[in-house]
1. Based on this model, can you work out whether Ser393 counts as assigned to a helix (DSSP H, G or I), over 14 Å from Ser224 (Cα atoms) and out of contact with any Gly (no Cβ under 9 Å at 6 or more places or on another chain)?
2. Suppose we filter segment 331-354 for residues that are surrounded by fewer than 23 Cβ atoms within 10 Å (Cβ to Cβ) and either closer than 28 Å to Gly242 by Cα or over 23 Å from the mean Cα position of the chain (by Cα) (or both); how many remain?
3. Among (1) touching a helix residue (DSSP H, G or I) at 6+ places or on another chain (Cβ under 8 Å); (2) surrounded by fewer than 23 Cβ atoms within 10 Å (Cβ to Cβ), there is one condition Gly242 misses while meeting the rest; what is its number?
4. Give the residues of segment 271-319 that are among the hydroxyl-bearing types (Ser, Thr, Tyr), modelled with pLDDT of 90 or more and closer than 28 Å to Thr368 by Cβ, sorted by residue number.
5. Identify all residues within segment 361-390 that are small (Gly, Ala, Ser) and more than 23 Å from the chain's Cα centre (by Cα); write none if there are none.
6. What tally of residues in segment 330-344 results from selecting those that are over 13 Å from Leu66 (Cα atoms) and hydroxyl-bearing (Ser, Thr, Tyr)?
7. Just need a number here: residues in segment 244-260 that are of a type outside the set (Gly, Ala, Ser) and closer than 12 Å to Leu309 by Cα.
8. Could you tell me how many of the residues in segment 133-189 are assigned to a helix (DSSP H, G or I) and of a type in the set (Asp, Glu)?
Amino acid sequence: MSIQSSKLKNILIVATLSLSTMAIMGDMVIIPIAGNLFADFADTNIAVLNFILSGPALIGALSSLLCGKLMYYVNKKILLIIAFLCFMVGGIFGDVLHNPFFMAAMRALVGIGVGAIMVVSLAIISDVFIDEKARSSMVGIYNGLMAAVGALLGWVSGMVASIEWRLVFRIYLASIPILLLILLFIPAKTKAVGNTQEEEGSKDAEKMPWGKLLFLDAAFFIYSSVYCIVYYQVAMVIEDKGIGDLALIGIMSALGTVGSFVACSLFGLYYNRLKRFTPAIGFAVMAFSYWLLYGASGPAAACIACTLLGAMFGLGMSYYMMSCTVIVPPSQIPMAISITTTVMSIATFLSTYFSAGLQGIMGVSSITAIIPVLIVVLVIGAAVSSVGAIKNSVKEHGGNK
């Protein structure tokens, strides 16, 4: 195979995997109609409504963890096709019956697909791009294009919801041609860790560095959950402040993913320079963004805040997902990706429950009222991350002497 054809093949693989992130970013279709769901199903238990919003993240946590193990034995392309079919069916038929319990069941099916798709996609990228520099660039591009897909979904959903909110489920029909691309361009075989007896032996010999991975994922859990509290409920913040309508909420969601697209696309450039200081910057800028959103008195400040929040989450997600493939032996990469993805999914799911718990503790009814607490958590996260990065830098320089 020529270098040109190999490059074209890799481009098609990354492009197809990036388009498949419609499943991962599928919640952008639901976010603009959160208020409509709560109003239409006002008599339904709040736990069911919260599950409709963030339930796929919980189910995704389970499916991503299972997928990490299955990748040692099942072809990655087959897993990707099954996962995308689950998302496609759950999304397209999400409101066929206008019933909160049916909708929750369809969202659970979406979650099965969401959890597996990101794990398999990142494992395929790790197989194709062995060099750390090339891999970091591709992870950034993948996450950047995922954000672009999310921006488009958020914008379209906001426009459609302003006409008739139940029509947003028709947006999921776009998943059909993406499935065809997966069938055409994802290779039947990539490097399959654990498929041979030799690699199984290697997997057993190369132990998982649990201390490093758990510390990394604990930080990612805090980072993701604090971000997702407002990500899922930005509609409520805007309603609290009375500064916009459904169309603006859709635009703000889209701006967040545009910010994420820019940050992720540039990830390969600054990863090699910032390394472990990356999350400290993310925590700090996210804190500033929440402060800006909390004090926003008009659409402009709110839009800037959402753009920065999206950018910082894109930066953080790229860092944590990339780092989990670097701190473990090659044979443990699929499991490290699945565990890290599971952590992100659990944090995403629990975010709405964290916000409800905070509201109960503080005795407030609005999401806006708990933002100062989130700012404090982020500032602490920035400080701890900075200390950790400095210690690691000193250790590395000391070891190089």
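1. For Ser393, the condition - assigned to a helix (DSSP H, G or I), over 14 Å from Ser224 (Cα atoms) and out of contact with any Gly (no Cβ under 9 Å at 6 or more places or on another chain) - is met.
2. Here the count works out to 4.
3. (1) is the only condition that Gly242 fails.
4. Answer for segment 271-319, where residues must be among the hydroxyl-bearing types (Ser, Thr, Tyr), modelled with pLDDT of 90 or more and closer than 28 Å to Thr368 by Cβ: Ser289, Tyr290, Tyr294, Thr307.
5. Gly363, Ser365, Ser366, Ala369, Ala383, Ser386, Gly388, Ala389
6. 1
7. Residues that pass the stated criteria total 4.
8. Going through segment 133-189 one residue at a time, the tally reaches 0.
The values are calculated or read from the model by the stated rules, or taken from the named source; none is laboratory data. Only a predicted model underlies this, so the values are computations on that prediction, with no experimental measurement involved. Glycine also receives a Cβ, built like all others from the backbone with ideal geometry; neighbour counts cover every protein chain displayed.
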